[in-house]
1. Pull out all pairs, ordered by first then second residue, where Cβ-Cβ is under 7 Å, the residues are six or more apart or on different chains, the first lies in the range 37-51 and is in contact (Cβ under 8 Å) with a residue 12 or more places away in the chain, and the second is outside any helix (DSSP H, G or I) and surrounded by 10 or more Cβ atoms within 10 Å (Cβ to Cβ).
2. Checking Lys65 against (1) outside any helix (DSSP H, G or I); (2) modelled with pLDDT of 75 or more; (3) more than 16 Å from the chain's Cα centre (by Cα); (4) exposed (fewer than 10 other Cβ atoms within 10 Å of the Cβ), only one condition comes out false. Which one?
3. Output the number of residues of the range 1-49 satisfying the condition of being assigned to a loop (DSSP other than H, G, I, E, B), charged (D, E, K, R) and at pLDDT 85 or above.
Amino acid sequence: MSNPRLISDLGLNSQTATWSMTPEVVYDYEYRVKNALQRLQSDPMVRSEDRKLILSFHRHIKAKKVCLGRQTTTTTDPH
């Protein structure tokens, strides 16, 4: 799914760069979190108990001020 904000913010017609290529811009963490939460709410395959747990965990890491980059990163089990 492409992010419409990134497409419109490319600034290809501008003479000077108006934004920098930070990880926040490149990976657009804010959009990824918003999109994941929307998909979670609309996915009929996710049980309501699981949905509540996931949303509770998301609120918990937001309260602990975990950065958006960490919120969107997935980990894999090395075993």
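The values are calculated or read from the model by the stated rules, or taken from the named source; none is laboratory data. The structure presented is a predicted model; accordingly, all values stated were derived computationally and were not measured. Neighbour counts run over all protein chains shown; Cβ positions are idealised from the backbone, glycine included.
1. Leu40/Val46
2. All conditions pass for Lys65, except number (3).
3. As a first pass, look at the range 1-49 and keep what is assigned to a loop (DSSP other than H, G, I, E, B): 1-3, 9-22, 28, 43-47.
Filter again for charged (D, E, K, R), leaving 9, 28, 43, 47.
Of the ones still in play, those that are also at pLDDT 85 or above are 43, 47.
Matching residues across the range 1-49 total 2.
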